[in-house]
Amino acid sequence: MLISFNDMKETPLANAVFWAARKGNLALIQQLLNSGRVQRRSTSFLLPACFTVPVICVQELIMQGADINLQRETGSTTLFFASQQGHNDIVKLLFEFGASTEFRTKDGGTALSVACQYGHSSVVETLLKNGASVHDQLCDGATTLFLASQEGHVTVIRQLLSSGAKVNQPREDGTAPLWMASQMGHSEVVKVLLLRGAGRDADRKDGSTALFKAAHKGHCNIIEELLRFSPSQGTANGSTALHAAVMGGNPKTVQLLLKANANSALPDKMSLIITYSFTHILSIYLSIYLSIYLSIYLLIYVFNLMCRLYLNCSKETHI
């Protein structure tokens, strides 16, 4: 059941329950809820807000009739919040009372996807044991493995792969987990994915490969991992990883690729682009030099002017 916060009319007593829960005051919670003056809907809305409170307080709210599967207007549930924050004890408690892993947020997020995104490995384990699907995807096609790879959570990645996650499944724009990990500079993730069968030439719809992106970003450690698997250094549009390294202005990356026998023959168009890039860099340095020169000249001019004024004042004093 999806309910908007706009539909909720909290009472002073409901707010009192909220703050009692935040303070971990179980006795006060029981006293307020047993009064019969707090609506069940109110306690349901308290659950998402109380994911940082002691487990015993959450349990009391559930025992008093709070609906743990009630969704906010965004689609998120109490299980989603607890998973996002990494509260495995609360996650386990929610499953004891019948929490479902099937609910999704408006962008397609699930309790498992958000736990993977934030790297909560213990929560991921609990969710998988209680029926969460390792193949959950967001609306843009991002899988749980993709989210974990993007954020660099190696432990979670190993869990997902051991549970049957597809190592090469891309997002809708063609971005694979390996490509994203290479862009973000997560070398350990790249290593694990490659060892588990990730396509070494993983590319996006724009033709850029994982090696191309790592070279452009200057991630030498990623490049070294990828080169161990002999990836193609070219892309579908004729560019190479070496081009990307030069365009990114990364001397160490260029040197690394040249040592790996990267093809340094550049097409005319790319040569023009690179020439422009270096010319642009040179113009920046010249601008900086000119600014410094003008600043020094201005200081000298002001100093000379002050000296002249001082001398003139001295002469007038003597006269």
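The values are calculated or read from the model by the stated rules, or taken from the named source; none is laboratory data. Computed from a predicted model, the values in this text were never measured in an experiment. As a convention, Cβ positions derive from the backbone with ideal geometry for all residues, glycine included, and neighbour counts pool all protein chains shown.
Observations, loosely collected:
- Of residues in the stretch 21-37 being free of Cβ contacts under 8 Å to residues at least 24 places away in the same chain and not in a loop (DSSP other than H, G, I, E, B), the one surrounded by the most Cβ atoms within 10 Å (Cβ to Cβ): Leu32
- With respect to being in contact with a Gly (Cβ under 9 Å, 6 or more places away or on another chain), more than 21 Å from Glu188 (Cα to Cα) and modelled with pLDDT under 80, Thr235 fits the description.
- Each residue in the stretch 193-216 was checked for being surrounded by 19 or more Cβ atoms within 10 Å (Cβ to Cβ) and in a helix (DSSP H, G or I), and 9 pass.
- Filter pass, Leu127 being touching a Pro at 6+ places or on another chain (Cβ under 7 Å) and of a type outside the set (Lys, Arg): no
- Filter result (surrounded by fewer than 19 Cβ atoms within 10 Å (Cβ to Cβ) and within 23 Å of the chain's Cα centre (by Cα)) within the stretch 221-256: Asn221, Gly248
- Gln150 meets all of the listed conditions (1) crowded, with 20+ Cβ neighbours inside 10 Å; (2) under 24 Å from Val53 (Cβ atoms); (3) of a type outside the set (A, V, I, L, M, F, W, C); (4) out of contact with any Ser or Thr (no Cβ under 8 Å at 6 or more places or on another chain) but one, namely (2).
- When each of Val124, Val134 is tested for being within 22 Å of Asn69 (Cα to Cα), at pLDDT 95 or above, among the β-branched types (Val, Ile, Thr) and in a helix (DSSP H, G or I), the lone residue that passes is Val124.
- Check on Ile62, touching a Gly at 6+ places or on another chain (Cβ under 8 Å) and either modelled with pLDDT of 80 or more or among the charged types (D, E, K, R) (or both): no
- Only one of Ile288, Ile284, Ile274, Ile296 that is modelled with pLDDT of 80 or more and in a helix (DSSP H, G or I): Ile296
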